[in-house]
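Undergrad: Before I ask anything, here is the structure I am working with.
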Amino acid sequence: MVVVLAGGVGAARFLRGLTAVVPPEDITVVVNVGDDIELHGLRICPDLDSITYWLAGLVHPEQQWGRDDERFTVRDELVRLGHAPWFTLGDRDLALHLHRTAQLREGVPLSTVTADVAARHGLTLRLLPVTDDRIETRIHTADRRDLHFQEWWVGERAGPDVDRVEFRGADAARPAPGVVEAIRDAGTVIVAPSNPVVSVAPITAVPAVASALAATSACVVGVSPIVGGRVVRGMAHRLLPAVGSSVDAAGVAGWYGARRDGGLLDAWIVDATDVSSLEAVRGLGLAARAMDTLLDDPEVAAALARGVLELAEDAGRAP
Ligand code: GDP
Ligand code: CA
């Protein structure tokens, strides 16, 4: 059994490869919910939905999130009603948010709704929100505002400097059913090439998840989301310095830390262009390997997934 800690698009691009080399029935994906937001009374779960759309083959190919063949009738009518549409909500996407919100209002847990939606999209891997409780990632800006992550990221395009990142509700959050057991019983735990600060950290901020990760006998292996000192997509470079990490492959590994020192990782994969950082990564006490990690091509994603599992096996054998 393989467990993947996942954000949205970076994780989805990796999972496309992993599902080609491991039977999806043997994969459990534990997904960030810190990005979730309520808009127009609807619960939006961007990371869960990105993964679902990608693996179902429904994702918008250029944008890489949201639905392909999307239309915006509802948004246009909302504009007529005086709304300023700062967050993209397409008609097809809205149907999922309507469905999910109605279920949640009836008391169905998010994990149950998510499993049902995933099955209806033909997914056979297990997709689990890290928790059924609410975690909200808040960005405290240098100009002293307290913004929902999406207000800062989408609304202000990650412009304002970041003073502090808060995972509101994480301390009291309980893992969704199956999360702790999956980590405990996993053969390998993979930290996807996701945003370390706002995709992976909100997952490990759930105390019982952190304990399970510390205790598992599985090798915990991560893939660097930073390639050649740059984020591949997104704006993680606006967040890493705020939490004290440099924007490079070894810097992020150091920020996650080695499990033997109380951190998250046993092993770390850097991009082939970052081969010079291997020494620094090994100096942190991690097993390390350089590979192609640019995941535009499904074949590369599959080769990377194989490499991740090989590195985990080697690291598991080392004394
Ligand atoms: P989001 O929640 O949709 O922003 O997605 P994630 O948190 O899962 O992923 C965002 C991160 O994935 C960014 O920091 C990117 O640098 C990284 N990323 C995206 N695509 C790739 C890729 O092809 N290779 C690698 N190594 N990282 C990627
Ligand atoms: Ca996200």
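Undergrad: In the range 15-32, which residue that is within 16 Å of ligand 2 (Cβ to nearest atom) and outside any helix (DSSP H, G or I) is nearest to residue 1 (Cα to Cα)?
TA: Result: 29.
Residue by residue, here is whether (1) open to solvent by 20 Å² or more (accessible area, probe 1.4 Å); (2) over 30 Å from residue 212 (Cβ atoms); (3) in a loop (DSSP other than H, G, I, E, B); (4) modelled with pLDDT under 95 holds:
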position: 76; (1), (2), (3), (4): yes, yes, no, no
position: 79; (1), (2), (3), (4): yes, yes, no, no
position: 112; (1), (2), (3), (4): yes, no, no, no
position: 127; (1), (2), (3), (4): no, no, no, no
position: 163; (1), (2), (3), (4): yes, yes, no, no
position: 170; (1), (2), (3), (4): no, no, yes, no
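Undergrad: Right, next: Report yes if residue 123 is out of contact with any Ser or Thr (no Cβ under 6 Å at 6 or more places or on another chain) and in a loop (DSSP other than H, G, I, E, B), otherwise no.
TA: When the stated conditions are applied, residue 123 passes them.
Undergrad: Another question, if that's okay. Return the residues of the range 270-284 that are in contact with a helix residue (DSSP H, G or I) (Cβ under 6 Å, 6 or more places away or on another chain) and of a type outside the set (Ser, Thr, Tyr); say none if nothing qualifies.
TA: Hits for the range 270-284 are 270, 274, 280, 281, 284.
Here's the yes/no breakdown for (1) at pLDDT 95 or above; (2) open to solvent by 10 Å² or more (accessible area, probe 1.4 Å); (3) in contact with a His (Cβ under 7 Å, 6 or more places away or on another chain):
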position: 198; (1), (2), (3): yes, no, no
position: 202; (1), (2), (3): yes, no, no
position: 221; (1), (2), (3): yes, no, no
position: 224; (1), (2), (3): yes, no, no
position: 229; (1), (2), (3): no, yes, no
position: 249; (1), (2), (3): yes, no, no
position: 264; (1), (2), (3): yes, yes, no
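Results for (1) under 18 Å from the mean Cα position of the chain (by Cα); (2) near ligand 1 (Cβ under 10 Å from one of its atoms); (3) within 15 Å of residue 65 (Cβ to Cβ), shown as yes or no for each residue.
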{"position": "13", "(1), (2), (3)": "yes, yes, yes"}
{"position": "18", "(1), (2), (3)": "yes, no, no"}
{"position": "23", "(1), (2), (3)": "no, no, no"}
{"position": "28", "(1), (2), (3)": "yes, no, no"}
{"position": "36", "(1), (2), (3)": "yes, no, yes"}
{"position": "40", "(1), (2), (3)": "no, no, no"}
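Undergrad: Mind telling me which of the residues 93, 35 ends up being within 16 Å of ligand 2 (Cβ to nearest atom), of a type in the set (D, E, K, R), in a helix (DSSP H, G or I) and surrounded by 14 or more Cβ atoms within 10 Å (Cβ to Cβ)? Before you say what the answer is, go through the steps one by one.
TA: Working: 35 fails: in a helix (DSSP H, G or I).
The match here is 93.
Undergrad: For residue 245, state whether it is exposed (fewer than 14 other Cβ atoms within 10 Å of the Cβ) and either over 17 Å from the mean Cα position of the chain (by Cα) or not acidic (Asp, Glu) (or both). Quick ask: steps written out before the conclusion?
TA: Numbers: exposed (fewer than 14 other Cβ atoms within 10 Å of the Cβ): no; either over 17 Å from the mean Cα position of the chain (by Cα) or not acidic (Asp, Glu) (or both): yes.
Against the criterion (exposed (fewer than 14 other Cβ atoms within 10 Å of the Cβ) and either over 17 Å from the mean Cα position of the chain (by Cα) or not acidic (Asp, Glu) (or both)), residue 245 does not qualify.
Undergrad: Which of the residues that make up the range 285-315 are open to solvent by 60 Å² or more (accessible area, probe 1.4 Å) and either out of contact with any helix residue (DSSP H, G or I) (no Cβ under 9 Å at 6 or more places or on another chain) or not in a helix (DSSP H, G or I) (or both)? First the steps, then the outcome.
TA: Here is the first cut: in the range 285-315, the ones open to solvent by 60 Å² or more (accessible area, probe 1.4 Å) are 289, 292, 294, 296-299, 306, 310, 313-314.
Scanning the range 285-315 gives 289, 292, 294, 296, 297, 310, 313, 314.
Undergrad: Could you pull out every one of the helices (runs of 4 or more DSSP H) wholly within the range 196-268 that has 3 or more residues that are under 24 Å from residue 141 (Cα atoms) and without any contact (Cβ under 8 Å) to a residue 60 or more places away in the chain?
TA: Working: elements: 201-204, 207-215, 249-256.
Of the helices (runs of 4 or more DSSP H) lying wholly inside the range 196-268, those with at least 3 residues that are under 24 Å from residue 141 (Cα atoms) and without any contact (Cβ under 8 Å) to a residue 60 or more places away in the chain span 249-256.
Undergrad: For residues that are part of a helix (DSSP H, G or I) and in contact (Cβ under 8 Å) with a residue 24 or more places away in the chain, scanning just the range 96-110, find the one that is surrounded by the fewest Cβ atoms within 10 Å (Cβ to Cβ).
TA: Per the criteria, the residue is 98.
Undergrad: Just one of 122, 155 is modelled with pLDDT of 95 or more and over 29 Å from residue 18 (Cα atoms); which is it?
TA: 155
The values are calculated or read from the model by the stated rules, or taken from the named source; none is laboratory data. Since the structure is predicted, the reported quantities are computational estimates derived from the model, not experimental observations. Cβ atoms come from the backbone with ideal geometry, glycine included; neighbour counts cover every protein chain shown. Heads up: the accessible areas ignore ligands, DNA and RNA and are worked out on the full protein's heavy atoms, side chains in. Shrake-Rupley method; radii C 1.70, N 1.55, O 1.52, S 1.80 Å.
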